[in-house]
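S.K.: Could you have a look at this structure, given as structure tokens, before my questions?
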Amino acid sequence: MPVLSFRRGAVGVGAAAVLAVTGTWVMWPADVDEELWAQVRPVIEARLVAESGRSGPADGALVRDVRWFCRARALELEERAGEVRAGVDALCVEFGVRDGSLVECAAGQYPQVVRLRRDHAADGGFVVVGRDEAPDGEEYARWTESHFGVFTRAALRDRMSPAGLETEARAHFGLAADAAVGEC
């Protein structure tokens, strides 16, 4: 009888180990191919800026040179047959200048799926062929569930810092590196 108990115990321990290892593997999202991300990121961010539009400052006479700046964070990245599916979290901030200071006029962070195709004639070697953005309101959760895995969705709760965009905006507008950031 002790031999049978030992075998059951060994099988139980083995099964628990397999579940633990499998669970750990499933828990972490796949690594993003950094080389591919370096190629598609500028194309994605340029598209985000181009499609951000212009909301305009509250008082256009006091704020000059209003412009959008966007940063994308890769959550999922997959390439198949020359097409790339990039699941990203995007932060876009509209900055302007007032009295020598940087001012933030509008901002938004939202997940989306961007589809790109290799095109060697295009600047950067890729063109965006589609972009699907999460809707606001009640449909947001349903959209993210249908477009991202469970652990990727958990990453969407992490807020992106605007610090890099502030630095980029200061440089673009020719402001001092320590110029204050206010609101429109």
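Taken together, the values in this text are just the output of simple stated rules run on the coordinates, not laboratory data. Keep in mind that what you see is a predicted model, and the values were worked out from it rather than measured. All Cβ positions, even for glycine, are placed from backbone atoms using ideal geometry, and neighbour counts span all protein chains on display.
S.K.: If the chain between Glu133 and Ser161 were fully stretched, how many nm would it gain, using 0.36 nm times the residue separation less the Cα-Cα distance?
M.R.: Answer, rounded to one decimal: 8.1 nm.
S.K.: Please identify every one of the trypsin sites (Lys or Arg not before Pro) in the range 64-169 that sits in a loop by DSSP and has no more than 12 other beta carbons within 10 Å of its own beta carbon. The partial results should precede the final answer.
M.R.: Numbers: sites: Arg64, Arg67, Arg71, Arg73, Arg80, Arg85, Arg98, Arg115, Arg117, Arg118, Arg131, Arg142, Arg153, Arg157, Arg159; in loops: Arg157, Arg159.
Sparse-neighbourhood loop trypsin sites (Lys or Arg not before Pro): Arg157, Arg159.
S.K.: Next up: Treating the beta-carbon of each Lys and Arg as +1 and of each Asp and Glu as -1, no other charges, what is the dipole magnitude of the range 29-184 about its Cα centre, to the nearest 20 debye?
M.R.: The calculated dipole for the range 29-184 is roughly 180 debye.
S.K.: Also, I was wondering about something else. If we count every other residue with Cβ under 11 angstrom of Trp37's Cβ, Lys/Arg +1 and Asp/Glu -1, where does the sum land?
M.R.: After counting each charged neighbour, the total is -4.
S.K.: Just in the range 99-184: which GluC sites (Glu not before Pro) are loop by DSSP and have at most 16 other Cβ atoms within 10 Å? Don't jump to the answer; show the numbers that get you there.
M.R.: Values: sites: Glu104, Glu133, Glu138, Glu139, Glu145, Glu166, Glu168, Glu183; in loops: Glu138.
Sites meeting the loop and neighbour criteria: Glu138.
S.K.: Going by amide H atoms built from the backbone, whose H comes under 5 Å of the H on Cys105, apart from near neighbours?
M.R.: Glu94, Phe95, Gly96, Cys184
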